[in-house]
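The values are calculated or read from the model by the stated rules, or taken from the named source; none is laboratory data. Note that the structure is predicted; figures quoted are calculated from it, not measured. For neighbour counting, all protein chains shown are included, and Cβ atoms are generated from backbone atoms with ideal geometry for every residue, glycine included.
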Amino acid sequence: MRVYVPLTLLGLAEAHKAGELGPAPLRAYAVTPGLREWYVSDDLEELEYAALGRAATASLRLLAAEGDAPRKRVVVAVDVDDKAVTAVPGADEAALGQVSLAAAVRLSVAAAVHVDADDALEDVRAAAAALDAADAGDDDAQSTVDGAEDHELLWFGVQEIPGLLK
């Protein structure tokens, strides 16, 4: 099963130094039955893209909490055994696709790293600052958050992580 682990560049640097994503339990996003029902699609590629989007939103939340982190969303895609994944129950939309990994995952086995391009920095910075207001129902703040989601994350191989951290 492909899972998408939300991080920040600071979190990616820590994972790179440690050689693993962890410690467990590790929050990630994947194609779960709830996500399938919400997205209403049978196309696995579309569903995985939706899971990646959920992880990108979680990365934005991490950025909002880490005031000193560079303003780029980071998501690491990893293939894990289905038995290593537990769906996180939740009645709200924020929990859709959320899973928990029972063990740390070696970073070397990651399929890809997805990171914002430099042209997304201002929109991501604004979105991170607007999250609390958007959560409280402010439509203008939600529009700002949506502006970050308009930016596609770029794809990088694991061997490119040192260059991303410069």
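Does Leu96 satisfy the condition of being in contact (Cβ under 8 Å) with a residue 40 or more places away in the chain and over 16 Å from Trp38 (Cβ atoms)? Spell out how you get there, then give the answer.
On the way: in contact (Cβ under 8 Å) with a residue 40 or more places away in the chain: yes; over 16 Å from Trp38 (Cβ atoms): no.
No.
I need a count of the residues in segment 123-160 that are in contact (Cβ under 8 Å) with a residue 40 or more places away in the chain and either farther than 22 Å from Ala13 by Cβ or crowded, with 19+ Cβ neighbours inside 10 Å (or both).
Result for segment 123-160: 10.
Give me the pairs, please: first residue somewhere in segment 60-71 and closer than 11 Å to Arg125 by Cβ, second residue anywhere and surrounded by fewer than 18 Cβ atoms within 10 Å (Cβ to Cβ) and not aromatic (Phe, Trp, Tyr), beta-carbon distance under 8 Å, and either six or more positions apart or on two chains.
Ala64/Ala129; Ala64/Asp132; Ala69/Leu10; Pro70/Leu10; Arg71/Leu121; Arg71/Arg125
Residues of segment 20-43 being assigned to a strand (DSSP E or B) and over 16 Å from Val78 (Cα atoms), which ones?
None - no residue of segment 20-43 is assigned to a strand (DSSP E or B) and over 16 Å from Val78 (Cα atoms), so the list stays empty.
Could you say whether any residue in segment 117-130 is under 24 Å from Val145 (Cα atoms), touching a strand residue (DSSP E or B) at 6+ places or on another chain (Cβ under 7 Å) and not basic (Lys, Arg)?
Yes, segment 117-130 contains at least one residue that is under 24 Å from Val145 (Cα atoms), touching a strand residue (DSSP E or B) at 6+ places or on another chain (Cβ under 7 Å) and not basic (Lys, Arg).
Scan Ala56, Ala28, Ala50 and give me the residue that is out of contact with any His (no Cβ under 7 Å at 6 or more places or on another chain) and within 19 Å of Ala102 (Cβ to Cβ).
One residue alone meets the criteria, Ala28.
I need the full set of residues from segment 96-122 which are farther than 19 Å from Thr8 by Cα and surrounded by 17 or more Cβ atoms within 10 Å (Cβ to Cβ), in order please.
Of everything in segment 96-122, those that are farther than 19 Å from Thr8 by Cα and surrounded by 17 or more Cβ atoms within 10 Å (Cβ to Cβ) turn out to be Leu96, Gly97.
Of the residues Ala69, Ala58, Ala28, which single one is within 18 Å of Leu154 (Cα to Cα), among the small types (Gly, Ala, Ser) and buried (at least 17 other Cβ atoms within 10 Å of the Cβ)? Write out each step before concluding.
Details: Ala69 fails: within 18 Å of Leu154 (Cα to Cα); Ala28 fails: within 18 Å of Leu154 (Cα to Cα).
From the options Ala69, Ala58, Ala28, the qualifying one is Ala58.
Mind counting the residues in segment 36-48 that are crowded, with 16+ Cβ neighbours inside 10 Å, at pLDDT 90 or above and not charged (D, E, K, R)?
Residues meeting the conditions: 1.
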